[in-house]
Amino acid sequence: MILYNDILGSIGNTPIVKINKISKNIFAKLEFFNPGRSIKDRIALNILEQADKNGEIDENSVIIESSSGNTGIGLTLVCRVKGYRNIIVIDQNCPSEKVKLLKALGATILMLTTRNSGCEDLTEKRIEFVNKAKEMIKSLYIPNQYENSNAPLAHYYYTSQEIIDFMEDTNIRFKAIFISVGTGGTISGISKRIKEYDPSINIIGVEPLGSTLFGGEKGGYLQQGPGNYFKPKNLIYDNIDLGVKVSDQDAFNMCRKLALKEGILAGGSSGGVMHMAAEMSNKFEGKVLCVLPDGGEKYLDSVYSDQWLADKGIELKKQNKIDVKKIN
Ligand code: PMP
C-alpha cells in the first residue's frame, strides 16, 4: 500500500477494465476513480502546480474558471488542499449533482442565467464572463483549460504513460483509442504521446451530434462536458485519425447498458465513446480502449432518470430500463 500525503496524491493511475458482455474487444479506462470523480482532476492539478511553480499564483490568489462542472470540481479540490480561494462559472445546463458537489467542496459558484433552449452549449458565454471579470479584477487567475498547454500535458505525461504501461505489462495491444472531445485537452495530449509510441494505434475523437469540433451542423445536445461550437486552442487535430458524432439517444442508452450489463455507472460522454467503440470495434480487428471521462452519480437525475429522458424526447430501449416495483 502507498501513503498519499493528501487527496491529490490519489489523482491518476485509474484502472483499465475489460468489457465482457457488450462487446468482446473493448477495454475501458475508468476516470471516475479520480477523487473528484472525473478525468478533469488531472488537468486541474497540473495547471495549478505549474502556475505555482512559475510564480503565477500564491496563497492570496483567487482562481476563476468557466466549467461544465468537472474541471470546476477538480480545481476546487486542488484549491482546498493548496489553500487558494476559487470561483467556478457554470451555466444552467450544469447538472444539479455537479452544483451540489461544487458547493460541498466550498467553491464560490456563479451560475449564468442566460436563457437557452435547454440544450444549447453556453461555453462561450461563460468564457466571456470570466474574461470580463479578469479585466475588472486583475488579481484573478484563470487556469484557462481551453488554451493552457498544461492541460494536454497532464495527459501527454501521465494518462498516456498509464496506457503505455498497461500495454507493456499485459501484452495487450490496442488498435484504437476512443476519446471524448470538449476542450481537446484529453485527446491532444494522449494522441501526441501514443503516436510517438506507436503510430499505428488509431485515435478516434467522439463529440455529441450537434457539436461542431469535427465540422457539421450546429445543434443542441444534452451530453454534458464534451462538445463545443468553437475550436479551443487545446484541440490539436494532427494526431487524430477520425472524428465521429454520437447522438444523445445512443450515448444515454449505452450508459444504461453499461450499468446493467457491466456494472459500470458512467456519465453521458462515456456512453458516447462506448457506443461508438461498440459500433466500430469490428473495423479495427483487435482490441480497442475507451477513455470514460466521468461517473454516473453526477447524472442520476438526468441520464439515469426515466422521466427526464422522456421529458427530453429520448427513447429508452426497454431492455435498458428498470422499474421500481411498489409494495404495500
Ligand atoms: N466528458 C466529460 C464528462 C467532460 O467533463 C469533459 C471535459 N469538459 C469531456 C468529456 C471532454 O474532455 P476534454 O475537455 O479534455 O476534451
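No lab work stands behind these numbers, since they all come straight from the coordinates. Note that the structure is a prediction, hence the values are computed from the model and not measured. As a convention, Cβ positions derive from the backbone with ideal geometry for all residues, glycine included, and neighbour counts pool all protein chains shown.
Take the Cα radius of gyration of the chain and divide it by 2.2 N^0.38 Å, N being the number of residues; the result is 0.96. Among Pro293, Pro208, Pro199, the largest mean-square fluctuation in a Gaussian network model of the chain (Cα springs under 10 Å) belongs to Pro199.
Result for the chain in a Gaussian network model with C-alpha springs under 10 Å: among Gly263, Gly220, Gly83, the largest mean-square fluctuation is at Gly263.
Here's how it looks for Asn86: its modeled amide H is under 5 Å from those of Ile63, Thr108, which are all 5 or more places away or on a different chain. Springs join every pair of Cα atoms under 10 Å in this Gaussian network model of the chain, and among Glu168, Glu65, Glu315 the largest mean-square fluctuation is at Glu168.
Taking θ as phi - 60° and the Karplus parameters 6.51, -1.76 and 1.60, the scalar couplings of segment 84-96 work out to 8, 7, 8, 10, 10, 9, 10, 9, 5, 6, 5, x, 4 Hz in sequence order, x denoting glycine and proline. The alpha carbon radius of gyration of segment 210-328, expressed as a multiple of 2.2 N^0.38 Å, is 1.16. Convex hull of alpha carbon positions in segment 48-111: directionally averaged projected area 3.8 nm².
Per 0.36 nm of contour for each residue apart, how much would the distance between Ile164 and Lys100 grow if the chain were fully extended, relative to their Cα-Cα spacing? Here the segment from Ile164 to Lys100 would lengthen by 19.5 nm.
With one equal scatterer per alpha carbon and no solvent term, the Debye-computed log10 I(q)/I(0) for segment 65-186 at 0.09, 0.11, 0.14 1/Å reads -0.32, -0.47, -0.71. Between Leu140 and Asn171, residue separation times 0.36 nm minus the direct Cα-Cα distance comes to 6.4 nm. Working note: Karplus 6.51/-1.76/1.60 with θ = phi - 60° gives segment 137-151 the couplings 10, 5, 6, 5, 10, 9, x, 6, 4, 7, 10, 6, 5, 6, 6 Hz, where Gly and Pro are set to x. Modelled spin-label separation between Leu300 and Glu315, with each label point placed 7 Å from Cα along the Cα-to-Cβ direction: 3.0 nm.
Among the trypsin sites (Lys or Arg not before Pro) in segment 75-136, those located in a DSSP loop and surrounded by at most 13 other Cβ atoms within 10 Å of their own Cβ are Arg115. Set the Cα radius of gyration of segment 4-112 against 2.2 N^0.38 Å, with N its number of residues, and you get 1.19.
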